[in-house]
1. Starting from the amide H of Gly277, placed 1.01 Å from N in the peptide plane, find each other amide H under 5 Å away whose residue is 5 or more places distant or on another chain.
2. Mean shadow of the range 178-274, computed from the convex hull of its alpha carbons, in nm²?
3. Over the Cα atoms of the chain, each weighted equally, I'd like the Debye log10 I(q)/I(0) at q = 0.10, 0.11, 0.12 Å⁻¹, rounded to two decimals.
4. If one takes the longest principal axis of the Cα atoms in the chain, at what angle in degrees, from 0 to 90 and to the nearest 10, does the Cα axis of helix 401-413 lie?
5. If you split all Cα-Cα distances of the range 266-398 into 5 Å bins from zero, what percentages do you get per bin, shortest first?
6. Average the reciprocal distances over every distinct pair of alpha-carbons in the range 72-148, invert the result, and give the Kirkwood radius in Å.
7. Near the amide H of Val12, under 5 Å away, which other amide H atoms are found, from residues 5 or more places off or on another chain, if H is placed in the peptide plane?
8. Return the sequence-ordered ³J(HN,Hα) values of the range 274-279 in whole Hz as given by the Karplus equation 6.51 cos²θ - 1.76 cosθ + 1.60 applied to θ = phi - 60°, using x for Gly and Pro.
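Quick note: the coordinates plus some simple rules give every number you see, no bench work behind them. Every value quoted in this text rests on a predicted model; they were computed, and no experiment measured them. Here the Cβ is made from the backbone with ideal geometry for all residues, glycine too, and neighbour counts use every protein chain on show.
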Amino acid sequence: NPGVFRVSRVAVVGAGAAGLCVARHILSRLNHFAPPVVFELTGNVGGTWCYDERVGTNDNGRPIHSSMYRDLRTNLPKEVMMFPDFPFDPQLSSFLPHQEVQRYLEGYCQQHHIRPHIRFSTVVEDVKPVVVTAEGEQERTVWDVTSSDSSGCRKTETFDSVFVCSGLFAVLSSPVGDVLSLHTGKVLHSHEYRYAEPFSGQSVVVLGAHASGLDISIELARVGAQVTLSHGLPRLTFPLRSGIQQSSPVEAVDEDGSIRFQDGSVTSADVLLFCTGYNFRYPFLDGAQLGLDVQDHLVSPLYRFLMPPAFPSLFFIGICKIICPFPHFHCQVQFALAVLDGSVTLPSAAQMEDEVRREQREKMEQGVQQRHLLILNQDQWEYCHREISEDDKIKAAEPQADNLIMHRLTELLA
Ligand code: FAD
């Protein structure tokens, strides 16, 4: 039975919102789990929410993790954004400056006494499965986790399970990078954007009109930059601030340095600002060894967007896109811990893989592009609560593993 382990030690990679959520739930189940070991490469909790004015690398020569910019306010109201068991301060407005979210995560960490379990300034460099057989026990997989602290001290420790909570927002995606060589102005990614003032009076082409592209365009226009918001979405019909015009995606940069768009229009730009998102990368994992295909926009197969079917003690928290992240982490973490403590029984590895492939196939038959397979959007709530249909209720009378999962998810969220 792949779902039942006698778990004692869990390693958590990252002390952002997802990693803190894992630690919080393990610490409330110490009858089943040893206190977690949380590895965090920076000196703080909060991950993305930990604003760092620097761009590039930190004092240790490691890339700056956070993409936070100075004037960001949340794009979700705090009532939806919060962990369901830890509300924001009721005195605060619904849409918060990022400093309030950082304070909130520090409060969560303090409330649940997580900090003593975090190893700060320690990077996880390698996570490897190892098959062991203890006397009188079945073969099982444990994990060798190699980490390195700020003094360069490297060590390998063994855990029963690993939660990957390293975030999505560190490896930059720049899909039209190869057309840029002729651009004579500045090129940057939203990861390196902190505030608008240096762009005052400049012409800026912003590539991408999702949350950051829109938000940053408005910040730039506010300080008097001339913004061309270039994107492949349907034309935005809500009023944009004056100083922002929309255009189709960039086609090429011409010899004279001007930017040509797919609709044939041309502009010159002092700055090209990529708000084109991020790619998945897990430098500490060997995808092939885990049976995982890690592409720019997809990690697959992951059963329930969580675990490789062949290694159901390795969990990826929060890789889905277009979700309310904190409630999603809260749901995924509890489900993963239920798998580990044996209260959820998983189907066989082959059945899990079949389910993932079938769901992907169905989505693609409905026209979903492969790069969008991890978008949940409003399906987040179904993912967490999955309705149990009449048909399933009948099947649930039998001890079907799949139905037990659905029941368990529903119970956990009740
Ligand atoms: P992160 O916050 O990225 O944390 C990952 C942690 O892992 C980091 O602390 C990092 O240092 C650490 N780490 C990485 N690799 C290693 C390693 N190898 N070893 C050790 N440690 C490692 N969400 C909302 O709900 N509302 C919003 O308004 C909102 N706005 C956003 C605005 C921006 C600009 C961005 C980038 C994201 C926004 N999000 C928002 C999404 C936000 O990222 C999530 O809410 C959430 O904070 C992600 O948490 P995480 O723990 O998965 O990742």
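1. Ser173
2. 5.8 nm²
3. Reported log10 I(q)/I(0), two decimals: -0.75, -0.90, -1.05.
4. Tilt relative to the chain: about 70 degrees.
5. Spelled out bin by bin, the range 266-398 gives 2, 8, 15, 20, 21, 15, 7, 4, 3, 2, 1, 1, 0, 0 percent.
6. 16.1 Å
7. Val37, Val38, Phe39, Phe163
8. Once θ is set to phi - 60°, the couplings for the range 274-279 become 7, 10, 9, x, 9, 10 Hz.
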